[in-house]
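Colleague: Pasting a structure below so you can have a look.
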Amino acid sequence: MPDAPIISIKNLVKRFDGKTVLDGITLDVFPGETMVVMGGSGCGKSTLLRHMIGTFKPDEGSIEIFGQDTARLDENGLNAVRKKFGILFQSGALFNSMTIAENVALPLLEHTDLAPEIIEIQVKIKLELVGLREHANKLPSQISGGMKKRAGLARALSLDPRILFYDEPSAGLDPVTSAEIDQLIVDLTKKLHVTSVVVTHEMDSAFTIADRMAMLDKGRMLRVDTREAFDQLRKTPREEALKMPEEQQLIRQFLRGDHEGPITQRRVASNYAEDLMGGPVEELLVTPAIVPTRPVPAGGML
């Protein structure tokens with residue numbers, strides 16, 4: 001693996017309204033690998049992705065892509081970096097009024113001076129890569145959810161990017177279609193020698209496509225390791241796992257999807273009644289919610 005990372009994140013901190021969403025994230029992604037960023041809902045993985053693509057700027061720390069600190073770039077400089085990567089959004093994000101071919105052609109029309117006939121050839125090549133060439137003239141409303149994902153991927157490939165970012169590529173798909181998308185990601189990474197960063201909480205998908213994996217929890221990076229290392233942790237017997245540090249048990253529970261473990265214990269430990277009522281229950285129950293306006297007869301029955 002090359003020494004120089006293509007993406008280098010150092011001590012990244014992001015806050016919203018005083019709440020820390022990313023807390024000192026450090027992560028290197030190397031050329032040609034598929035890095036899967038995983039974690040439960042609200043752990044910060046989508047916020048991390050938005051920092052990588054330049055939508056957000058860090059409050060502290062740095063993000064370097066192709067050796068450039070993106071937080072220090074002006075809009076023109078940031079756009080030049082963005083032309084070198086493609087993004088597959090969770091929904092596909094296709095323009096509904098345009099055909100599949102027109103959606104794929106759009107980045108080429110906007111960012112290149114290629115002749116129309118060359119753009120047409122490029123579009124056919126990209127659609128063939130994702131198995132949609134025969135559907136080029138259909139509108140997004142005329143194709144399935146899985147086909148929309150593939151069309152979005154063809155558009156992400158239109159400028160021959162060096163990095164591909166995937167935001168929950170398997171979300172909303174049936175198991176067979178999800179497996180097809182996973183295989184497509186693997187095939188494209190090998191054929192095109194691109195670097196892939198995949199944000200997901202789908203473990204079947206993660207273990208299919210990953211070279212390395214990064215686990216987030218509550219805005220902190222718990223572990224970055226190879227797929228094999230995470231798989232070994234996932235397969236650790238329960239009796240052996242109970243002797244591990246809590247963080248390792250938490251990762252194992254997430255990887256396995258177990259209903260018992262540190263994640264669920266943490267949720268149970270939070271005082272639901274206090275959260276619901278907005279304060280300590282004992283104080284809230286001192287004064288009744290409803291004060292009777294007429295005497296209550298003996299026996300307590302009205």
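Just so you know, all these numbers are worked out from the coordinates, no wet-lab data involved. If you're wondering where the values come from, they're calculated on a predicted model, not measured in any experiment. No Cβ is skipped: glycine too gets one built from the backbone with ideal geometry, and neighbour counts run over all protein chains shown.
Colleague: How much of the DSSP bridge set in the chain is antiparallel, in percent, rounded to the nearest 5? Could you put the intermediate results ahead of the total?
Modeller: Working: 21 of 39 bridges.
Taking every DSSP beta bridge within the chain, about 55 percent pair in antiparallel fashion.
Colleague: Can you pull the percent of Cα pairs in region 158-225 with separation above 20 Å? Please report the intermediate quantities before stating the final value.
Modeller: Numbers: 709 of 2278 pairs.
Every Cα pair in region 158-225 considered, those over 20 Å come to 31 percent.
Colleague: How much net charge surrounds ILE121 when only the other residues with a Cβ under 14 Å from the Cβ of ILE121 are counted, with Lys and Arg +1 and Asp and Glu -1? Walk me through the numbers on the way to the answer.
Modeller: Details: positive: LYS124, LYS126, ARG133; negative: GLU117, GLU120, GLU128, ASP160.
Spelling it out: positives minus negatives among the neighbours equals -1.
Colleague: While we're looking at this one, here's another question. Measure nothing fancy, just the Cα-based angle from helix 116-129's long axis to the longest principal axis of the chain, in degrees from 0 to 90, nearest 10.
Modeller: 50
Colleague: Roughly how big is the chain's charge dipole about its Cα centre, with Cβ charges of +1 (Lys, Arg) and -1 (Asp, Glu), in debye to the nearest 20?
Modeller: Here the chain has a charge dipole of around 200 debye.
Colleague: Just subtract the alpha-carbon distance of ASN76 and VAL186 from 0.36 nm times their residue separation and send over the number in nm, one decimal. Could you put the intermediate results ahead of the total?
Modeller: Numbers: separation 110, 0.36 × 110 = 39.60 nm, distance 3.22 nm.
Residue separation times 0.36 nm, minus the Cα-Cα distance, leaves 36.4 nm.
Colleague: GLN90's amide H: which non-local residues (gap 5+, or another chain) put their own amide H closer than 5 Å, with H modeled 1.01 Å from N in plane and none for Pro or chain starts?
Modeller: Those lying under 5 Å, H to H, from GLN90 are ASP167.
Colleague: Hey, another quick one. Could you derive backbone 3J(HN,Hα) for region 55-70 from the dihedral phi with the Karplus parameters 6.51, -1.76 and 1.60 (θ = phi - 60°), listing whole Hz in sequence and x where the residue is Gly or Pro?
Modeller: Once rounded to whole Hz, the list reads 6, 10, 10, x, 6, 9, x, 9, 10, 10, 10, 6, x, 10, 6, 5.
Colleague: Another question about this same structure. How much FRET efficiency would the formula 1/(1 + (r/R0)^6) give for SER91 and LEU242, where r is the Cβ-Cβ distance and R0 is 45 Å, rounded to 0.05? Present the calculation step by step, with values, prior to reporting the outcome.
Modeller: On the way: r = 41 Å, r/R0 = 0.90.
So the FRET efficiency works out to roughly 0.65.
Colleague: Can I ask one more? From the phi angles alone, apply the Karplus equation (6.51, -1.76, 1.60; θ = phi - 60°) to region 201-216 and give each ³J(HN,Hα) in whole Hz, x where the residue is Gly or Pro.
Modeller: 3J(HN,Hα) across region 201-216, in whole Hz: 10, 8, 6, 4, 5, 4, 6, 7, 9, 6, 8, 10, 9, 10, 10, 9.
Colleague: Another one. Given 4 °C and 1.567 mPa s, compute D for the chain with the Stokes-Einstein relation, Rh being the Kirkwood radius over Cα pairs; round to the nearest whole µm²/s. Can you show the working numbers first?
Modeller: Working: Rh = 21.9 Å.
Estimated diffusion coefficient is 59 µm²/s.
Colleague: Ranked highest first by the average count of other Cβ atoms within 10 Å around their residues, in what order do 79-85, 241-247, 26-32 fall? The partial results should precede the final answer.
Modeller: Details: 79-85: 15.7, 241-247: 12.0, 26-32: 17.9.
Taking the mean over residues of other Cβ atoms within 10 Å, the ranking is 26-32, 79-85, 241-247.
Colleague: Something else about it: Would you please put 225-235, 145-155 in order of how densely packed they are, using the mean number of other Cβ atoms within 10 angstrom per residue and starting with the highest?
Modeller: Working: 225-235: 15.2, 145-155: 23.8.
Top to bottom by mean Cβ count within 10 Å: 145-155, 225-235.
Colleague: Sorting check: for 208-220, 165-177, which peptide has the highest mean count of neighbouring beta carbons within 10 Å, and how do the rest follow? Don't jump to the answer; show the numbers that get you there.
Modeller: Working: 208-220: 21.6, 165-177: 18.5.
Going from most to least packed, we get 208-220, 165-177.
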